[in-house]
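Some notes on the structure that comes next.
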Amino acid sequence: MRVAVVVGTALGGVEEGEKVLAGSRRRRRLRDALYDGPGHNLARWLGSRGPVVTVSTACASGATALAVGAELLRRGEADAVVAGGYDILCRFVMRGFDALRSMTRDEVRPFDRRRSGLLLGEAAALVLLARERDAGPARLGTLLGYGSASDASHIAAPDPDGRGLERAIRAALRDADIGPDAVDFVSAHGTGTPLNDRIETAVLKRALGARAYAIPVNSIKASLGHTMGAAAALEAIMCLQASRHGLIPPTLHLEEPDPACDLDYVTGEARVLRPRISLSTSLGFGGCNAALVLEGAP
Amino acid sequence: MITAPSIRALGLLRGTADRGGVLSLGRPEREGDRFRRASRECLLALAAVDAMLEDGVASRATIAGERTALLYVTAAAYVASNRDFIERRAGGTHFAYTAPVVVPAEVAIEFALTGPYAIFLGGAPATLRAMAHAAGLLERDVCDRALVLAVEIFEECADLYARAPRLLGRPLVEAAGCLWLERGRGELGVESGRGPRRSAPGEMLSCGPLADLADWRRGAQAGPLELSGWWRGETARLAWIEPPAGESAA
């Protein structure tokens with residue numbers, strides 16, 4: 001069986017790069033410092049004989065990895081794909097996000113009027129993708145569609161109108177061959193930065209129309225932090241687990257809703273609801289936008 | 001099998017100036033305040049797209065918009081910017097330039113590309129996979145054209161790369177290329193495997209397949225188009241089962 005490995009990362013092995021530049025002479029360090037090093041290490045550890053792919057669309061990397069993995073299956077390059085994302089915290093990333101002034105000293109409060117920024121988290125999230133006919137009955141769900149679009153507006157800040165995210169959502173729905181009425185739940189990128197949450201709310205209203213107000217929306221970044229390259233894969237797994245367990249996790253620390261963020265956010269406690277089809281959105285540095293449409297296993 | 005894309009145009013810049021064992025491309029000039037702080041890899045990417053438009057005798061308007069997909073590939077172009085940030089040769093705002101995404105972001109902004117995108121990290125197999133991915137997007141009508149952009153620079157970190165002779169071939173040749181693919185005919189064969197490194201006249205990493213394609217277009221390789229590459233023990237091969245539309249081996 002040809003098992004491929006497709007991982008998404010924003011920062012790859014940059015911590016190894018720090019060690020190389022600090023004077024480490026270990027030859028292996030330089031290989032691992034290149035951002036595709038960890039993906040190859042994972043493939044070696046798994047004994048994978050299929051393609052090894054690393055994608056890096058910043059904080060949308062996990063979504064891109066799932067889409068590229070699905071494409072490898074579609075064109076017959078692999079029989080199964082281990083796909084997802086990871087990122088670690090190190091001095092490099094903390095210093096960088098600090099320079100961007102995007103981190104909060106408060107709690108992370110997605111969609112709250114007091115929200116003041118994000119906190120970073122460390123995570124790795126992987127799924128096993130297989131073709132429908134090979135998946136067997138134990139499946140967690142199905143990746144129905146994927147869409148991506150570029151903002152083409154700024155190298156570090158999102159397009160204030162969110163046009164790229166809107167195009168990505170529309171493309172994902174088209175790829176899944178469904179309309180907004182079929183969507184039961186939205187896992188938002190929801191970083192807790194003033195700009196992101198306002199843009200995302202406005203985009204969901206444009207892309208989903210009146211349906212946007214009837215769909216529960218959450219962000220798990222207040223619980224887990226912004227895990228960068230892992231975030232979209234982690235959130236995709238959360239969507240499928242919500243379908244399996246009939247529970248949607250709450251958006252922590254959302255206590256005082258922002259009037260500009262007026263959707264049905266899940267707050268306080270987990271909501272007892274079994275979404276069949278979920279939409280998961282991601283925005284990344286460099287104007288990367290991605291959306292996944294996922295269906296929980298019946 | 002997927003439908004083979006046709007090749008509309010290719011822009012490729014290859015380093016020639018020998019600087020410390022690296023054939024360098026230098027820093028291209030570009031007018032505009034926006035480019036004052038832009039990294040060298042970003043400027044080379046923009047120059048590669050310019051070269052592609054010139055090769056295709058096409059205007060910027062032809063590629064602008066949401067029906068153009070942008071697929072960027074690199075193995076190491078971001079390392080120089082990472083080094084500047086880690087060694088504090090650049091300020092905090094330079095952090096943006098350490099991300100691989102900044103290169104396609106600059107290209108998307110400059111040429112108003114708002115369509116699908118993906119960024120593949122790795123050597124030649126990553127570029128071949130980006131081409132196959134582009135073929136899939138074209139086949140499924142997700143876009144009308146796909147640009148596969150690859151950039152590699154080495155000069156700033158030549159001392160580090162000298163420590164990894166088994167990973168990188170010699171000489172290190174800086175390159176930047178952009179390939180314009182459209183819907184084609186025939187079939188595209190895609191293969192992956194494991195194997196030894198093949199000998200090459202210079203190490204261009206992700207830009208290698210674009211250089212091979214440029215050679216094929218010049219007639220240096222006879223027969224149907226076939227591209228292959230190696231990186232970290234992995235091999236990949238793309239074969240146009242029929243020659244791409246509008247192309248023939250000279």
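The helices (runs of 4 or more DSSP H) found wholly in region B:1-115 and carrying at least 2 residues that are over 24 Å from A:Val55 (Cα atoms) and in contact with a strand residue (DSSP E or B) (Cβ under 8 Å, 6 or more places away or on another chain) occupy B:40-55. Residue count for region B:133-161 satisfying the condition of being open to solvent by less than 20 Å² (accessible area, probe 1.4 Å) and modelled with pLDDT under 95: 3.
Note on region A:129-138: among residues that are surrounded by 15 or more Cβ atoms within 10 Å (Cβ to Cβ) and in contact (Cβ under 8 Å) with a residue 40 or more places away in the chain, the one that is nearest to A:Val81 (Cα to Cα) is A:Leu129.
Residue-wise test of (1) touching a helix residue (DSSP H, G or I) at 6+ places or on another chain (Cβ under 8 Å); (2) buried (at least 19 other Cβ atoms within 10 Å of the Cβ).
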| residue | (1), (2) |
| --- | --- |
| B:Ala4 | yes, yes |
| B:Arg8 | no, yes |
| B:Gly32 | no, no |
| B:Phe35 | yes, no |
| B:Ser39 | yes, yes |
| B:Ala47 | no, yes |
| B:Gly65 | no, no |
| B:Asn82 | yes, yes |
| B:Pro100 | no, yes |
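Summed over region A:182-202, the residues that are farther than 18 Å from A:Cys239 by Cβ and in a helix (DSSP H, G or I) give a count of 8. On inspection, B:Ala130 fails the criterion of being open to solvent by 10 Å² or more (accessible area, probe 1.4 Å), part of a helix (DSSP H, G or I) and under 19 Å from B:Ala77 (Cα atoms).
Of the residues making up region B:115-127, those that are facing chain A (nearest Cβ under 8 Å) and either touching a Pro at 6+ places or on another chain (Cβ under 7 Å) or surrounded by fewer than 24 Cβ atoms within 10 Å (Cβ to Cβ) (or both) are B:Tyr117, B:Ile119, B:Leu121. The set of residues in region B:162-184 that are outside any strand (DSSP E or B), touching a residue at least 12 places away in the same chain (Cβ under 8 Å) and surrounded by fewer than 24 Cβ atoms within 10 Å (Cβ to Cβ) comprises B:Ala162, B:Leu167, B:Leu168, B:Gly169, B:Arg170, B:Pro171, B:Arg183, B:Gly184.
Could you say whether any residue in region A:272-280 is free of Cβ contacts under 8 Å to residues at least 60 places away in the same chain and part of a strand (DSSP E or B)? Checking region A:272-280: at least one residue is free of Cβ contacts under 8 Å to residues at least 60 places away in the same chain and part of a strand (DSSP E or B).
Residues of region A:48-91 that are over 18 Å from B:Glu191 (Cα atoms), touching a residue at least 60 places away in the same chain (Cβ under 8 Å) and at the interface with another protein chain (Cβ under 7 Å from one of its Cβ atoms): A:Ser56, A:Thr57, A:Ala58, A:Thr64. Go through the residues of region A:207-225 one by one and say whether even a single one is among the charged types (D, E, K, R), within 14 Å of the chain's Cα centre (by Cα), assigned to a helix (DSSP H, G or I) and closer than 17 Å to A:Pro257 by Cα. Scanning region A:207-225, I find at least one residue that is among the charged types (D, E, K, R), within 14 Å of the chain's Cα centre (by Cα), assigned to a helix (DSSP H, G or I) and closer than 17 Å to A:Pro257 by Cα, so the answer is yes.
The test for being farther than 22 Å from B:Arg185 by Cα and among the small types (Gly, Ala, Ser) does not hold for B:Gly56. Where helices (runs of 4 or more DSSP H) fall entirely within region A:1-68, those with at least 2 residues that are at pLDDT below 95 and over 25 Å from A:Glu235 (Cα atoms) are at A:14-21, A:27-33. Considering A:Ala43, A:Ala33, A:Ala60, the condition of being under 21 Å from A:Leu144 (Cβ atoms), of a type in the set (Gly, Ala, Ser) and open to solvent by less than 20 Å² (accessible area, probe 1.4 Å) is satisfied by A:Ala60 alone.
Of the listed requirements (1) more than 20 Å from A:Lys221 (Cα to Cα); (2) crowded, with 20+ Cβ neighbours inside 10 Å, A:Gly23 misses just one: (2). Within region A:72-103, being crowded, with 24+ Cβ neighbours inside 10 Å and either at positive phi or in contact with a His (Cβ under 6 Å, 6 or more places away or on another chain) (or both) holds for one residue alone: A:Gly84. When A:Gly145, A:Gly136 are checked against the criterion of being modelled with pLDDT of 95 or more and not aliphatic (A, V, I, L, M), A:Gly145 stands alone in meeting it. Would region B:80-98 turn up any residue that is more than 7 Å from chain A (Cβ to nearest Cβ) and of a type in the set (Lys, Arg)? Yes, there is a match, as at least one residue in region B:80-98 is more than 7 Å from chain A (Cβ to nearest Cβ) and of a type in the set (Lys, Arg). Summed over region A:104-124, residues that are farther than 17 Å from A:Phe92 by Cα and either open to solvent by 60 Å² or more (accessible area, probe 1.4 Å) or among the basic types (Lys, Arg) (or both) total 8. Among the conditions (1) among the basic types (Lys, Arg); (2) closer than 29 Å to A:Gly13 by Cα; (3) away from chain A (no Cβ under 12 Å), the only one that B:Arg37 does not satisfy is (3).
Taking the residues in region A:226-254 that are outside any helix (DSSP H, G or I) and in contact with a Pro (Cβ under 7 Å, 6 or more places away or on another chain) as candidates, determine which candidate is most open to solvent (accessible area, probe 1.4 Å). The extreme case among them is A:Leu254.
Scanning region A:33-47 for residues that are touching a strand residue (DSSP E or B) at 6+ places or on another chain (Cβ under 9 Å) and more than 10 Å from chain B (Cβ to nearest Cβ) yields A:Pro38, A:Leu42, A:Leu46, A:Gly47. Under the condition of being at the interface with another protein chain (Cβ under 7 Å from one of its Cβ atoms) and more than 18 Å from A:Thr54 (Cβ to Cβ), the residues counted in region A:15-32 number 4.
Restricting region A:255-271 to residues that are among the charged types (D, E, K, R) and not in a loop (DSSP other than H, G, I, E, B) leaves a set whose member that is most open to solvent (accessible area, probe 1.4 Å) is A:Arg271.
Restricting the first member to region A:146-174 and to residues that are more than 9 Å from chain B (Cβ to nearest Cβ), and the second to residues that are open to solvent by 20 Å² or more (accessible area, probe 1.4 Å) and among the basic types (Lys, Arg), the beta-carbon pairs closer than 7 Å and six or more apart or on different chains are A:Glu166/A:Arg206. Scanning region A:102-125 for residues that are within 21 Å of A:Thr9 (Cα to Cα) and without any contact (Cβ under 8 Å) to a residue 40 or more places away in the chain yields a count of 1.
The values are calculated or read from the model by the stated rules, or taken from the named source; none is laboratory data. Everything quoted here is computed from the prediction, not taken from an experiment. Quick reminder, even Gly has a Cβ in these numbers, built from the backbone with ideal geometry, and neighbours come from all protein chains shown. We work out accessible area using only protein heavy atoms, side chains counted, and drop any ligands, DNA or RNA first. Shrake-Rupley method; radii C 1.70, N 1.55, O 1.52, S 1.80 Å.
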